[in-house]
Each structure stands twice: as C-alpha cells, then as structure tokens.
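A.B. asks: Take a look at the following structure, please.
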Amino acid sequence: MIQVFVADMDGTFLRKDHSYDRALFIKMMEKIKQQNKHFVVASGNQWRQIRSFFNGYEKDISIVGENGAVILHQDTIIGSTHFEKETLASLLNYLLHVESIYLCSGVHHSYVLDAYPQAMKDHIELYARNIQYVAQYEVKDDPILKIALVCENHLTHHIMSGLQQNFPHVEVHSSGLGSIDINPYGVNKGNGLEKLLNVIHHSFDDCMAFGDGGNDVSMLERVAYPKVMANAPQWMHSYGEVIDSNQNQGVLHTILKELSQYE
C-alpha cells in the first residue's frame, strides 16, 4: 500500500508558470491527512523557496530540498549536509574560469554576485529566498549546501564533465539543459528521501515518486512506484510509468486517483 507520495517541483508538480491547481492540492491534502499518508516535495531548489509555495500547509508536508542536502519534517530541519570548507574554496576558485552564472545556497541565505545583470537576478529570485548580494563569493560561516549554475544550453555537458573530472568527490546533477547543481558527496534525492523515510518509519516500498529530470533518477530508481512526466525528455521515460504532463497537473490527478482506492 502506498503511504508516501514524493514529487519534484519544476517540470513535475508546477506548471511552466510556476503555478499549480491550489483547489486540487487542498483536496489532495485533505485526503492524505484523512488516510494518515505523507506528501513530500523533493527538489533541487532552496528549502525556503519550496516552502513558500505551500502556505498554510507547512507542517503537513515534508521537504527534501537542495537535491537532498536539507530535510524538513513538520516545518523543522531534521538534517543537512554541507561542503567542507576546503572543497568549497576549491570549487569557487575553479568556477571563476567557467562560463556560467551561479549562486551558493546556504542553510541561512543564498549568495549571489551583485555584479550580475538585473535580468539574471530576477530569474534567480524565482528559485531562491533570503538572497544576499555580495561583491565576491567567499567561504563564510553559513554552511553551503549547494552551488547552482546557469549556463548556455550547449555548454551543459562540457561544464558537467569538467566538474566531474576535477572534483570526483562531489555530486554533479542536471535538472535540464542550462541548469547544473553541485552538492556534497553522497547528496542526492534518493539518499535524502531515505533519511526522511527513516524518520517517518516508512520504506521505499511504500513510495510513489514523480520526476522529469536527471536529478530525479536517484529516487525514481529506488521507489516501488516511479512515475515520469509526459513532458520529460525521452530518455527519462524508461525510469517509470509515464503520466500526464505538469501542465495538465498529472501529479495531483494521479495521487487523487490512487487515494480514491482507499476511501
């Protein structure tokens, strides 16, 4: 029996305009609470940004944020994994020579260069909260959970290959062309979800998960009921049953259909 529903955000739960059917979500959450089940958001995004989408339900959902680097349950951080200072310093030095724009996501703040164009700052603010604009990136006291890069689409694989060759002990994920996430070693959505499941006393056998990108594979491969969005790249379709697209709110409709079986 499925007890835990896990959804990625961008390209999966959210429409292209970063919206979702709020009335349908409320209906789903009422049924989830009635049946003592769990709804989890697993995203590469900053946990504060994820949380901002679910006003009024902060204590009712769980969050696996920053690709698994931070875990929230009942609106409380129950675990986090950050870069060692030496590794972070080496990464920041390396990225000075990489053709990309990036932000450093910490436990308390996200850090973005003030010199970036305003259009790029506006784009970053769609995905992060508590942003501090800085003159240069430095190794600070705020533990850094993830570095997120934005690059030209055609440079994605080249930049990822360079990072993987030069930093074999970090995790490099891509949620789509032009988007690269760097996390501490061992951090991914699958491992983050496992930590949460241990806290709520469930296993991957109890889970249905939804995703559309490469950073979702680590959880789709482990859950008993993997679902892939119709809008996902073709190569992703082998990782689970293909369901309706994010634009058509495939996640909410699939979960509601599943929950109706237990009424």
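A.B. asks: Give me the residue from the range 183-198 that is small (Gly, Ala, Ser) and in a helix (DSSP H, G or I) and, out of that set, surrounded by the fewest Cβ atoms within 10 Å (Cβ to Cβ).
C.D. replies: 190
A.B. asks: I'd like to check something: does the range 82-96 contain any residue that is of a type in the set (Lys, Arg) and either part of a strand (DSSP E or B) or at pLDDT 90 or above (or both)?
C.D. replies: Quick first cut of the range 82-96, residues of a type in the set (Lys, Arg) only: 85.
When the remaining residues are screened for being either part of a strand (DSSP E or B) or at pLDDT 90 or above (or both), the result is 85.
There is at least one residue in the range 82-96 that is of a type in the set (Lys, Arg) and either part of a strand (DSSP E or B) or at pLDDT 90 or above (or both).
A.B. asks: If residue 1 passes every condition in (1) modelled with pLDDT of 95 or more; (2) farther than 26 Å from residue 183 by Cα; (3) in a loop (DSSP other than H, G, I, E, B) but one, which one does it miss?
C.D. replies: (1)
A.B. asks: Now, a different point. Tell me, which residue of the range 231-263 that is within 24 Å of residue 66 (Cα to Cα) and of a type in the set (Gly, Ala, Ser) is surrounded by the fewest Cβ atoms within 10 Å (Cβ to Cβ)?
C.D. replies: Here the answer is 245.
A.B. asks: Here is a further query. From the residues in the range 208-219 that are touching a Lys or Arg at 6+ places or on another chain (Cβ under 8 Å) and within 22 Å of residue 81 (Cβ to Cβ), which one is surrounded by the fewest Cβ atoms within 10 Å (Cβ to Cβ)?
C.D. replies: Here is the first cut: in the range 208-219, the ones touching a Lys or Arg at 6+ places or on another chain (Cβ under 8 Å) are 208-211, 215-216, 218-219.
With the extra rule that they be within 22 Å of residue 81 (Cβ to Cβ), the set shrinks to 209, 211, 215-216, 218-219.
Details: 209: 29, 211: 30, 215: 27, 216: 33, 218: 22, 219: 28.
The extreme case among them is 218.
A.B. asks: Can I ask one more? Which of the residues belonging to the range 120-130 are more than 18 Å from the chain's Cα centre (by Cα) and free of Cβ contacts under 8 Å to residues at least 24 places away in the same chain?
C.D. replies: Residues of the range 120-130 more than 18 Å from the chain's Cα centre (by Cα): 120-122.
Correct list: 121, 122.
A.B. asks: Residue by residue through the range 1-28, note down the ones that are in contact (Cβ under 8 Å) with a residue 40 or more places away in the chain and either of a type in the set (Ser, Thr, Tyr) or touching a Lys or Arg at 6+ places or on another chain (Cβ under 6 Å) (or both). Don't jump to the end; show me each part of the working.
C.D. replies: Looking only at the range 1-28, we keep the residues that are in contact (Cβ under 8 Å) with a residue 40 or more places away in the chain, and these are 1-16, 18, 20-21, 24-25, 27-28.
Within the range 1-28, 3, 12, 20 qualify.
A.B. asks: Is the range 58-73 home to any residue that is part of a helix (DSSP H, G or I), loosely packed, with under 14 Cβ neighbours inside 10 Å and of a type in the set (S, T, N, Q)?
C.D. replies: At the first step, the residues of the range 58-73 found to be part of a helix (DSSP H, G or I) are 66-68.
Still in the list and also loosely packed, with under 14 Cβ neighbours inside 10 Å: none.
The answer is no; no qualifying residue exists.
A.B. asks: Among the residues of the range 132-158, what is the count of those that are among the hydrophobic types (A, V, I, L, M, F, W, C), more than 19 Å from residue 81 (Cα to Cα) and over 20 Å from the mean Cα position of the chain (by Cα)?
C.D. replies: Residues in the range 132-158 being among the hydrophobic types (A, V, I, L, M, F, W, C), more than 19 Å from residue 81 (Cα to Cα) and over 20 Å from the mean Cα position of the chain (by Cα): 3 in total.
Results for (1) surrounded by fewer than 19 Cβ atoms within 10 Å (Cβ to Cβ); (2) among the β-branched types (Val, Ile, Thr); (3) closer than 19 Å to residue 207 by Cβ; (4) over 12 Å from the mean Cα position of the chain (by Cα), shown as yes or no for each residue.
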residue	(1), (2), (3), (4)
18	yes, no, no, yes
22	yes, no, no, yes
35	yes, no, yes, yes
39	no, no, yes, yes
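A.B. asks: Then there's this: Could you tell me whether residue 77 is farther than 27 Å from residue 263 by Cα, in contact with a strand residue (DSSP E or B) (Cβ under 8 Å, 6 or more places away or on another chain) and in a strand (DSSP E or B)? Write out each step before concluding.
C.D. replies: Numbers: farther than 27 Å from residue 263 by Cα: yes; in contact with a strand residue (DSSP E or B) (Cβ under 8 Å, 6 or more places away or on another chain): yes; in a strand (DSSP E or B): yes.
So residue 77 passes the test.
A.B. asks: For the range 101-119, does any single residue satisfy the condition of being outside any strand (DSSP E or B), within 22 Å of the chain's Cα centre (by Cα) and of a type in the set (S, T, N, Q)?
C.D. replies: Restricting attention to the range 101-119, the residues satisfying the condition of being outside any strand (DSSP E or B) are 107-109, 114-119.
Pick out the ones that are also within 22 Å of the chain's Cα centre (by Cα) and you get 107-109.
After this cut, where a residue has to be of a type in the set (S, T, N, Q) as well, the list is none.
No, there is no match, as no residue in the range 101-119 is outside any strand (DSSP E or B), within 22 Å of the chain's Cα centre (by Cα) and of a type in the set (S, T, N, Q).
A.B. asks: Could you tell me whether any residue of the range 80-93 is out of contact with any Lys or Arg (no Cβ under 9 Å at 6 or more places or on another chain), crowded, with 16+ Cβ neighbours inside 10 Å, under 15 Å from residue 143 (Cβ atoms) and β-branched (Val, Ile, Thr)?
C.D. replies: Yes: one or more hits.
A.B. asks: Pairs needed: first member in the range 38-66, in contact (Cβ under 8 Å) with a residue 40 or more places away in the chain; second member anywhere, among the basic types (Lys, Arg); C-beta distance under 7 Å; at least 6 residues apart or different chains.
C.D. replies: Every condition considered, the pairs that remain are 42/189; 46/129; 48/129; 49/129; 52/129; 64/189; 66/146.
The values are calculated or read from the model by the stated rules, or taken from the named source; none is laboratory data. Since the model is a prediction, treat every value here as computed from it, not as a measurement. No Cβ is skipped: glycine too gets one built from the backbone with ideal geometry, and neighbour counts run over all protein chains shown.
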